[in-house]
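Following: one structure in structure tokens, then a few remarks.
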Amino acid sequence: MALIEINNLNFAYDEERPTLKNISLSIEAGKYVALIGHNGSGKSTLAKIIAGLFKKVEGDIKIFDLPLQKENLVKIRSQLGIVFQNPDNQFVASSVKEDIAFGLENRAIPHDEMDPIINEVAEEVGMEKFLDAAPENLSGGQKQRVAIAGTLAMKPRLLLLDEATSMLDPRGKKEILNLIRKMRKDNPELTIVSITHDVEEAALADEVIVLNDGEIVLHGTPEEVFAHRDILAQVRLDAPFFDSLVVALKAEGVAVPDDIKDIKALEDYLCR
Amino acid sequence: MSSTVLGRYVPYQSFIHRMDSRAKLFAMICLMVTVFLKQVNWAMTFLVGGLFLVFIMMLLLLSHTKITTFLKSLRTLWFMAIFLLIIYILIPRTSDWIAFSIGTFNVYWDSILDAAKILVRLMSMIALMLVFSASTKPLEMSDAFEWYMSPLKYIGFPSHELAMILSIALRFIPTILEDVHRIMNAQASRGVDFKHGGVKAKVRSVISLIVPLFVSAFMRSEELADAMECRGYDPKGKRTKYRIAHFSWRDLVGILVAAAWLGLVIASSVTHFDLFAVFGLEVR
Amino acid sequence: MPIIFKDVKYVYGAKTPFEYDALNGIDLTFEGHKLTAIVGKTGSGKSTLVQHINALLRPTSGEVLIDDFVNGPKNKIKAKEIKELRKKVGLVFQFPEYQLFQETVEKDVSFAPKNFGVPREEAIEKAHEALQRVGLDESFYSRSPFELSGGEKRKVAIAGILAAHPDVLILDEPTAGLDPAASKETMDLFKQIHSEGTDVFLVTHDMNLVARYADRVIVIDDGRIAFDGDPKALFNEDLEQYSLDNPDIYRFAKALTKRGLKLPTRDLRTVEDLAKAIKEAKHE
């Protein structure tokens, strides 16, 4: 079943320059999809549209089979978690556990049910030892993990990560990527859409969608997408390290068979 | 890294920390009122004020606030003290209690004592607020506020919204302070001198701080609003509360002690009680 | 410009409950013309270190000599001397777009040179020149910096530092938040500026940048110097001990070496260098 179904979406902040042009895509339940593009490609706008933050959207959008309209918004949002870029600007409360509780309060979850949920999701994201910590004493990566915990507490079907790692240091990035891997394993039904310009992260996804100037230019498995080095260069994106290296090796005349799909295989092949 | 110590929560599990914020606020207000009650004469005013200061020092100790923190926060009071003294001395009086004279200008004890009285009041208030802010999480403060304001909900007063605004403002104080610090450093690197220069230069340097600060604050608030909306926040909707405060014996003790002190001071004030007269001492 | 750190110690929040040593006995000499990377995990003290170079921070003990300027704990420094120093040492902070505040791009970029006493006309000329360097043409001059895209704002902010023509350029995470193409553009610009004679310090935790651009690397760990030398030598060490990652290129090269493929020992700055090295190794 398609969890997100978008047909002919058009959107513009200002009439002259459309931000999104004729976007059509569908995202299956349980998939991990990376939406990549350079800054200004329209990828974050797309995330905000899916979260229902914009009103004048042209086109046909269905999320969880519900048309994205005002009357469905509460229902859609109750099954959708979104984590934004800036770790500080989404931390509402003054401690970790209270921030996780914020969403639960909004959904009028009875008080006695809150603590077990908070403990569970805090453990899922590895923040169980920091339940009382204040945001100013946490690293960026930790704050983003709390934000993810806050969404997980709502048992979402869809997790939207809007450049959730772009302001983090390498440690923080790694923490979040490891967490994504873990969530995929613990909860295979969860659909994750990650908006990013980090191609290394995109390489971990099931599907990659490349956005440029408001249009989808590539959509496929990471392997398929990253094979189009020319197009990627055109839209100002790098290829992941592995793909770049294969291209560089081939340019040097070192043959790399096509069945080598990742860095480990390449290592094995070169050291044979 | 901010150096402001006043008004900063110091995590600890003291008696005062563990009091319910509503009870604590009530007790604090009781105590604060006592500071402003008039006593029959100077001696009684300073006796009550002095006793009270000693009592608050004990509260400070009890809440594990360092006395040095208190003394530090008094530093800015010096200017105030001198300023007050000058004002009070300049106020014309009709009194015969002259401390000394400068030429034909008389300086009265009343003026000096008036200034001292205000100073003691200010010190007491600062100490009280210090105890309160060091022992109460900002969120608990806004909870107390919401609780006291909640009856007004029925006449359309947005007490929940205000409490939410207050708690978010409190939550963002450290973040905004960091912004201030960062922007000042960035502008200083571009040759802005925040310390020296004439009025015009001062205005310019402040603008170079304020504008980016507002831009950043607006951006933060916009993003925060988006995040809150996405997390299902609806101020009008039905919400539950995660933090539920419970009254305990501590709150009862706290309120009783504060109320007792308030009662004593009120009684002494209305009955014009003079402890010194009881011992046959004549004081002014 | 020679820069010397002599046993520099820096304590944050001295005499408060939040006190900690950010720098502890730093001895460093910067001479000659190298692009120096200063790396370390978040909170290691690397930003604190560079803020001593333009006297945003004064050492708690020890001293920093920047050319003929002495940044010591207590020596009197005139406001004019500090300005002179900051004219020579330009510092681009992390997310510098937060320092923009003027109504036009031109005014914002000419702000620093004006502060450093460059006449108006000349400052504007320098602003134009700097804007051109970062790749923004005339059409941007009269636009408001606040209506630009994130990437363009970053460029304006960087131009705002370059316009003052500093002899030393310190970059604190200059590529944070930028997409790969913009990162590369920005770093290539700094490399170019370095090759024209400006001393460049790059504060970062992105080890790929270090591999690609740095001639010397200093690792700060817990306020101390943990490593100082050639980037290549660092990447052969165990970087985990400093909570840092190996650059992709070196990680792969190391893995190959471990399994017996003998790569030539030379600087590997790009993927192409690595491919060449692998080819040579395979041909032996």
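Derivation of every value follows stated rules applied to the coordinates shown; laboratory data play no part. Note that the structure is a prediction, hence the values are computed from the model and not measured. Cβ sites come from the backbone with ideal geometry, for glycine too, and all protein chains shown count toward neighbours.
Observations on the structure shown:
- Estimated inter-spin distance, residue C:265 and residue B:202, nm [label 7 Å along Cα→Cβ]: 6.3
- Of all DSSP-defined beta bridges confined to the protein assembly as shown, some 55% are antiparallel rather than parallel.
- Computed E for residue A:200/residue B:154 - FRET, C-beta separation, R0 51 angstrom, nearest 0.05: 0.35
- Dipole magnitude (debye, nearest 20) for the protein assembly as shown, charges at Cβ of Lys, Arg, Asp, Glu: 2640
- Working note: Cα gyration tensor of segment B:1-146, eigenvalues times five, square-rooted, sorted largest first, giving semi-axes of 35, 17, 12 Å.
- Nitroxide proxy distance, nm - points 7 Å out along Cα→Cβ at residue A:17 and residue A:137: 4.4
- Between helix B:21-35 and chain B: long-axis angle, C-alpha atoms, 0 to 90°, nearest 10: 30
- GNM result for chain A, Cα springs below 10 Å: residue of A:256, A:125, A:208 fluctuating most strongly: A:256
- Filter on C:46/C:114; A:31/A:143; A:97/B:236; A:173/B:202; A:70/C:107 - keep pairs with C-alpha separation over 32 Å: A:173/B:202; A:70/C:107
- Looking at segment C:234-263, the trypsin sites (Lys or Arg not before Pro) that sit in a DSSP loop and have at most 12 other Cβ atoms within 10 Å of their own Cβ are C:259, C:262.
- Over segment C:3-243, the reciprocal of the mean inverse Cα-Cα separation, the Kirkwood hydrodynamic radius, stands at 18.6 Å.
- Gyration tensor analysis over the Cα atoms of the protein assembly as shown returns equivalent ellipsoid semi-axes of 55, 36, 25 Å (largest first, whole Å).
- Helix axis angle, A:241-251 relative to chain A longest principal axis, alpha carbon, degrees: 10
- FRET efficiency estimate (nearest 0.05) - Cβ-Cβ, residue B:270 to residue A:53, R0 60 angstrom: 0.50
- Remark: spin-label model distance residue A:111-residue C:21 equals 4.8 nm, labels positioned 7 Å along the Cα→Cβ axis.
- When both segment B:82-148 and segment A:74-110 are represented by their alpha-carbon centers, they are found 45 Å apart.
- Shown in residue order for segment C:77-82 are the 3J(HN,Hα) couplings computed by the Karplus curve 6.51 cos²θ - 1.76 cosθ + 1.60 at θ = phi - 60°: 10, 6, 4, 5, 5, 4 Hz (x for Gly and Pro).
- With Cα atoms, 0 to 90° folded angle of helix C:271-283 axis to chain C main axis: 20
- Expressed in units of 2.2 N^0.38 Å, where N is the residue count, the Cα radius of gyration of segment B:165-284 is 1.96.
- FRET efficiency estimate (nearest 0.05) - Cβ-Cβ, residue B:78 to residue B:284, R0 25 angstrom: 0.40
- Rg ratio (alpha-carbon, reference 2.2 N^0.38 Å) - segment B:159-234: 1.41
- Loop-exposed chymotrypsin sites (Phe, Trp or Tyr not before Pro) per DSSP, neighbour cap 15 Cβ within 10 angstrom, longest uninterrupted part of chain A: A:55-272
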